[in-house]
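Heads up, the thing below is written out as C-alpha cells.
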Amino acid sequence: MFHRATDLKFKEGTALEVTFQNGEVRQFDVSSLFGKYPQLRALEDRQLFLSGTLLGFLGIVWNDELDLEVETVYEMGKLVRKEPPAPGAAAGDAVSLARAAKGISQKELSELTGIDQSDISKIERGVANPSVGTLSRIARALDAELEIGITANDKK
C-alpha cells in the first residue's frame, strides 16, 4: 500500500514529523539511516536539514543527492497521533477544480493532454499517484500553474 504525505515538520536534531493523508502523524529520526546511507549524515547540518521540502506527497528532498521516500517514514516511523484525514486527495481535487473552472470534460482534457480519460478520472478520485510530469501536462492544458509546497499548520 502507498501512503501519501500531506505535511512535513522538522523536529529537534534530525527528527521529522510527517502527516499522512489517512490522518496518521509519524515521527522518524533520519539518523537511524546513517549506517545504511552515510550520505544522509550531511543532514546533521541543521540549516541543510531545515531546507528539506515535501515534494508532491511522495518524498522529502533536500538537494540532488539527498532525499527520503515518505514510505520509509511511514514504515519505520513511530505513530505519535491520529488526526482526521485530509478531505480527498489534494492533487485530484486541484485537477478537478481547475478542469471545472475551465469548463471542460475529462474527455476534452484527455484530448488536450494525451492522458487517457480513465487515468484522469483516477487522478481526480485520488486513487492514482500522478507524476510531476503528468500534473505539469495537465496544468499546461488547463492554462494553470503547478504549485508544489508545504502549508504549515499551527497545531499543538
Which residues, counting only those in segment 41-53, are touching a residue at least 12 places away in the same chain (Cβ under 8 Å) and more than 18 Å from K9 (Cα to Cα)? A42
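Out of segment 5-26, which residues are part of a loop (DSSP other than H, G, I, E, B) and more than 15 Å from T151 (Cα to Cα)? Break it down stepwise before answering.
Of the residues in segment 5-26, the ones part of a loop (DSSP other than H, G, I, E, B) are 11-14, 21-23.
Answer for segment 5-26, where residues must be part of a loop (DSSP other than H, G, I, E, B) and more than 15 Å from T151 (Cα to Cα): K11, E12, G13, T14, N22, G23.
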Among the residues of segment 90-101, is any at pLDDT 85 or above and under 24 Å from G52 (Cα atoms)? no
Exactly one condition in (1) surrounded by 14 or more Cβ atoms within 10 Å (Cβ to Cβ); (2) modelled with pLDDT under 90 is not met by Y74; state its number. (2)
Identify all residues within segment 93-118 that are assigned to a helix (DSSP H, G or I) and either of a type in the set (S, T, Y) or in contact with a strand residue (DSSP E or B) (Cβ under 9 Å, 6 or more places away or on another chain) (or both); write none if there are none. S96, S110, T113, S118
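The values are calculated or read from the model by the stated rules, or taken from the named source; none is laboratory data. A quick note: this is a predicted structure, and the numbers were derived from the prediction, not measured. With ideal geometry, Cβ positions are generated from the backbone for all residues, glycine too; neighbour counts draw on all protein chains shown.
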